[in-house]
Amino acid sequence: MWGNKVKDFYRIGATALALSVFLVTGFTTATQPAFSDSKTYQKDLTRGLYQMVKKDYESAVASFTLVLRDNPNVYEAYLNRAAARSELKDYEGALADYDQAIKINPNVVESFIKRGELHAKQNDYAPAVEDYSQALRLSPKNSSALMNRAAAYKKIGDYQKAINDYSTALKLDPGSFDAIKERADCRALSNDLDGAIEDYEYLLKKNKSGATALRFQLAEVQMKKGNKGSAEENFKQVIAYYSKNLKGSRKNGEYFLQRGLAYAQLGETDKAIADLQEASAWKADEATTRYHLGHLKLNKGDAKGAIVDLSEAIRQNPKYSPALMDRAAAYVAQGEYISAQKDLDAALNGEKTAEGFYTRAMARMAIGDSSGAVSDIGEAKNFGAQYVANKKQQLQEAISAKEAKGEKDIALADLLEQSALIELGENNGDTAEAMEKRALAIKEKQMSKNDPKLYYSYMMLGRVYLKKRQATKAEALFRTALGKLKNSADGTGKFAIFNLEDCAKVLINSSNQEEAGAILVDTRMARAVTGMNERAFTGDLSRKAERAIESFKKRKRAAQQAEELAQQQQQGASQEPVVVSRNIEEAASAAIGSSQKNSNNKPIRDKWALIVGISNFKDSSINLHYCAKDAKDFYDFLVTEKNFAPDHVQLLTDSTATRANILSLLGNKWLPRVAEPDDLVVIYFSSHGSPSSLDVGGVNYLVAHDTDVNDLYVTGIAMQDLSRIIKERVHCDRVMVLLDACHSGNAAPSAKGLGRAANVNVESIVQGTGQLVLSSSSPEQRSWESKRYQGSVFTKHLIEGLRKNGKMTRLGDAFNYLNEEVQREVMRDRGVLQNPVMKSKWEGDELIIGVPPAHPSKGIGSIDLPDDPKQSTTASVGDQGKSAKPAPQRKVKRGH
């Protein structure tokens, strides 16, 4: 039998042969593409078709691949292989094959239809619509393309376009049940109730066999339109039909379900629940039944019971949008707004509807995300303006009812706030302001000043002012909210940050650059403290934000320099002015600027190193992963491979790396007592840090174990302090600072920094004099911990680079290796750039840190630390570093 079929394929043409795998769908082509008469691959192509029929898809892929190996332009082989790959759920491979088939022959209708179907199968409806449109360009009367595009429009909530396509399809086939039925559904969803009723009534007359299901849908639309009498009569007929057929039927589960739904429509809730529970017993593994039971319980007010049934429905079908929507509503009723938003996000990823966006808008407002709420209410209006209008009317009726009873409670305030949100979405700023102020007046009287929901309302009023372009008023409210919410355990302080940044956008667009920059400096600091990257600026907006920040910083620098100049003139001081805003590399370079400049090359007398690495902080919420380990690795490297004496290297990790201990070793108890002018001092710091752009005064901070990230000025280590300590207390001409800190540079959260080595000759152990600062990324980038091993990408490749040519490796060679390897690993693993930077004021020949010291001296033994009097910083602190492990607390990128 199959031999005859294959002969028929050859007779009717090559295109039919290639598309025979789609026999059940009966597609046709717009053109009759050329197909070679060569017999060399037809055998393999035919074999692949047989294998497709037998559902041996892997073998079919192999057969079609064999065709393409020697005949790469046979687009039919690509089409059939795409179908086989789709059956194997290799959707990426299938799409690639469809793309290639279309590239070879762009005039085949089925190619676009099949690719569109594959997009739709993955819930990717926008490209599906585009493919169906291309098919219709080739074949304007192709009913399959019309019906498929209409279905895709329906899925994305564009009901009017779906209705148009179904109507066009009906011109081609006036009696199409599917086209009339789907158009009726879309008309009902778009509130064209008269049109929907007309379609359902037509179908009832023409299709007696499916009358009960159609009668149910007709009754639903009649009830929605207000034709209560007609609707009730139709629902009663539905109930009568299922009641009559329940006895002895094998479809008991489905009949109980349908009768229960009809009872629910008539308001007979107890009977409805009883039927749906029976249906669930019959259809235990069907998500739809549990969804309807949960939906009914939710409408009855049993949110807790609804969540149980809806969760079971979602377990059976994780992408079941109606169940996700209803469970979100149940969570809202329980006050669990975060859970509600997660369900709504998942639902809207599958199917975008006015109801979905509206419900998420209200959930977002309830958790303080007024920015997201405003966005969602706009989307709800786009997908269903009538739906939003109906909700607005319902809210107005509820408000009037409460006011008529004299009830001025929090419930009334919530209703007023919801109405204000809708007014805001409709650009009615004055009405929204009046409603929000009424809501806020109630809340200020009845809520505690510490209740976060009060500050959610402040942000909502701020959104109103922002809509009215009153940015100053909006900023004041958003800043007030941020001050109260920044330490909130539930993380809702981020919404104040989002609102402030939206305020900055308005200011940028109105050319108020400096005012926008002032806001963005503060929000960057807040983001750095919390480690938040959500809704960060990107692209052109990010560049505009940078310009705004720079405008603000320039104004601030000018004001401070003018003030300093005035002070110097008054005091007759000759001291050099303090530079108040710079990148951390520049600050550090200034910090280690030597007061003695000597161009003569001198041997390194002795070598000293202070190494700090902090994974576990006093505030465990900012714990990092591998900083302590990185520090210990660098300690071991210097001692075992680079000729640093163990008692010349001090290691502080975790709890010993307090601000007092670090500053004590730098400025009092150790380095000032041991380092001499011709020595080399290496300072390594691995922890959190903040870029100068995050501080109004342009100050960079390094975060110690006991730093309070909300009070960096008092508890952090300012780079200006490092500058003062090294200049005034460390009497050494050669200092190298290595910053594997998250913000080493003018960087975003998680970033670090480094610069370019000088082209100098280093062939001997004789060293130049000066300063070097190496940071782990350029200012605009992030610095990453590795996905491949436990540790920082920067520190790992820094050590490898410094050992590249043994103990005598030149710093320039090491940096070149470091730069290449860091870029390569981060690009491959994360798809982004990380470029180490080195900035130098070095004089003379290039540094070789492994050179043996010319005249080494003894260390000064153990040192009592101010925050750890029982423990010394040599062997004992090093031992602590050996046992350092990744922090067990919540995972945070370095730089959070």
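The values are calculated or read from the model by the stated rules, or taken from the named source; none is laboratory data. Just so it is clear, the model here is predicted, and its values are computed rather than measured. Here Cβ is always computed from backbone atoms with ideal geometry, including for glycine, and neighbour counts include all displayed protein chains. For the accessible areas, the whole protein counts, side chains as well, though only heavy atoms, and no ligand, DNA or RNA atoms are used. Shrake-Rupley method; radii C 1.70, N 1.55, O 1.52, S 1.80 Å.
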Quick check on the stretch 368-499: what does the Kirkwood estimate of hydrodynamic radius come out to from the alpha carbon pairs, in Å? 15.0 Å
Hz values of 3J(HN,Hα) by residue in the stretch 127-141 - Karplus curve (6.51, -1.76, 1.60), Gly and Pro given as x: x, 5, 4, 5, 5, 5, 5, 5, 4, 6, 5, 6, 9, x, 9
Starting with the highest mean, order 326-338, 676-688, 395-407, 638-650 by the number of other Cβ atoms within 10 Å, averaged over the residues of each peptide. 676-688, 326-338, 638-650, 395-407
At 1.567 mPa s and 4 °C, Stokes diffusion of the stretch 116-246 via Kirkwood alpha-carbon radius, µm² per second: 83 µm²/s
Kirkwood Rh, Cα Rg: Rg to Rh for the stretch 262-327? 0.95
Quick one: Debye curve from the alpha-carbon atoms of the stretch 291-427 only, equal weights, vacuum; give me log10 I(q)/I(0) at q = 0.09, 0.17, 0.20 Å⁻¹ to two decimals. -0.26, -0.93, -1.21
Taking the highest mean first, how do the peptides 496-508, 312-324 order by number of other beta carbon atoms within 10 angstrom per residue? 496-508, 312-324
Would you work out what percent of the accessible area of the stretch 209-303, with all protein chains in place, is carbon or sulfur (probe 1.4 Å)? 44 percent
Pop out the carbon and sulfur fraction of the accessible area of the stretch 448-566 as a percent, whole number, probe 1.4 Å. 50 percent
Just by accessible area at a 1.4 angstrom probe, what is the order of LYS443, LYS449 from largest to smallest? LYS449, LYS443
Quote the relative contact order of the stretch 319-412 in percent (integer), defining contacts as alpha-carbon pairs under 8 Å separated by 6+ residues. 21 percent
For the stretch 183-321, what is the accessible area per residue in Å², given a 1.4 Å probe and the full set of protein chains? 52 Å²
Heavy-atom SASA rank of ILE113, ILE307 (probe 1.4 Å, accessible area, largest first): ILE307, ILE113
Scalar couplings 3J(HN,Hα) for the stretch 301-307 by Karplus 6.51 cos²θ - 1.76 cosθ + 1.60 (θ = phi - 60°), nearest whole Hz, x for Gly and Pro, are x, 8, 5, 5, x, 4, 4
Reciprocal mean inverse distance between Cα atoms of the stretch 429-551 - Kirkwood radius, Å: 14.8 Å
Provide the net charge surrounding ILE104, with neighbours chosen by a C-beta distance below 14 Å and charges set as Lys +1, Arg +1, Asp -1, Glu -1. -1
For the stretch 302-382 the translational diffusion coefficient, Stokes-Einstein from a Kirkwood Rh over Cα pairs at 10 °C and viscosity 1.306 mPa s, in µm²/s, is roughly 130 µm²/s
Going by amide H atoms built from the backbone, whose H comes under 5 Å of the H on GLU846, apart from near neighbours? ASN761, VAL762
If you take every residue apart from GLU117 with its C-beta less than 12 Å away from the C-beta of GLU117, what net charge results, scoring Lys and Arg +1 and Asp and Glu -1? +1
Between beta-carbons, use under 11 Å as the cut-off and find the net charge around TYR241, counting Lys and Arg +1, Asp and Glu -1. +4
Mind putting together the pair-distance distribution for the stretch 406-449? All Cα pairs, 5 Å bins, whole percent per bin, short to long. 6, 28, 28, 20, 13, 5, 1
Ordering ARG469, ARG463 from largest to smallest accessible area (1.4 angstrom probe), what's the sequence? ARG469, ARG463
What is the packing order of peptides 122-129, 431-438, taking the mean over residues of other C-beta atoms within 10 Å and listing the highest first? 431-438, 122-129
